[in-house]
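The values are calculated or read from the model by the stated rules, or taken from the named source; none is laboratory data. Computed from a predicted structure; not experimentally measured. As a convention, Cβ positions derive from the backbone with ideal geometry for all residues, glycine included, and neighbour counts pool all protein chains shown. Remember, those area values only see protein heavy atoms, side chains included, never the ligands or the DNA or RNA. Shrake-Rupley method; radii C 1.70, N 1.55, O 1.52, S 1.80 Å.
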Amino acid sequence: MLRAMLDRMRPEDVGLSPDMRFFRTRDNAAQGNPTITHTTIYKSDNFSMVILFLPQNAVIPLHNHPGMTVFSKPLIGSMHIKSYDWADPDDDPAASSPDDQLRLAELVVDDLFTAPCNTSVLYPTAGGNMHRFTAIAPCAILDILGPPYSIEEDRDCTYYADVPYSSQHPSKFLAILISEI
């Protein structure tokens, strides 16, 4: 039901317009590492709603949402999303030795998303829970995270470095460095 509601959302529903200065590409030609900002619309113990603002060429590095379900609705702009799930979700990285920091992940999505488009749903162990966003044009993305991030409850974001995996399916699998970057 939530996904269907989000699929019908428009930028105007949250006070945004493609005509706003931030979303005009020529006014937002970021140099170097563009600054990504966000605003929290609502936060409780059960879920949080945030809007992420990515200038053109901004990148949110490969990261996860541990134990969370995330509804992600692009409202304005265009971005490339590349996402992965662990190839063996039962393989506990905490149980590995410090020398064993690589873990196999499987490609789920490698595509361009341009608003208006449908909502993506990431589940704790499926749907591309680890992902990277690259803004092709300035973007606004509405994210609903349930439950929200919580360091106390071991739901903190981890960023990863990806290492190409060459075997029988080189484009389908990737070795991901487990340690934070």
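Report the extension gain between SER150 and TYR42 in nm, rounded to one decimal, defined as 0.36 nm multiplied by the number of residues separating them, less their alpha carbon distance.
Additional length available on full extension: 37.4 nm.
For SER17, what charge total do you get from the other residues with a beta carbon under 12 Å from its beta carbon, if Lys and Arg give +1 and Asp and Glu give -1?
Residues near SER17 contribute 0 overall.
Among residues other than ARG3 whose Cβ falls under 15 Å from its Cβ, what is the net charge (Lys/Arg +1, Asp/Glu -1)?
Once positives and negatives cancel, what remains is 0.
What residues qualify as long-range amide H neighbours of ILE76, i.e. H under 5 Å apart, gap of 5 or more or another chain, H built at 1.01 Å from N?
Amide H neighbours of ILE76, under 5 Å, 5+ apart: ALA140.
Around ASP162, with a cut-off of 10 angstrom between Cβ atoms, what is the net charge of the other residues, counting Lys and Arg +1 and Asp and Glu -1?
Combined, the nearby Lys, Arg, Asp and Glu give +2.
With every protein chain kept in the model, how would you rank LYS82, LYS73 by accessible area, 1.4 Å probe, largest at the top?
In descending accessible area the options line up as LYS82, LYS73.
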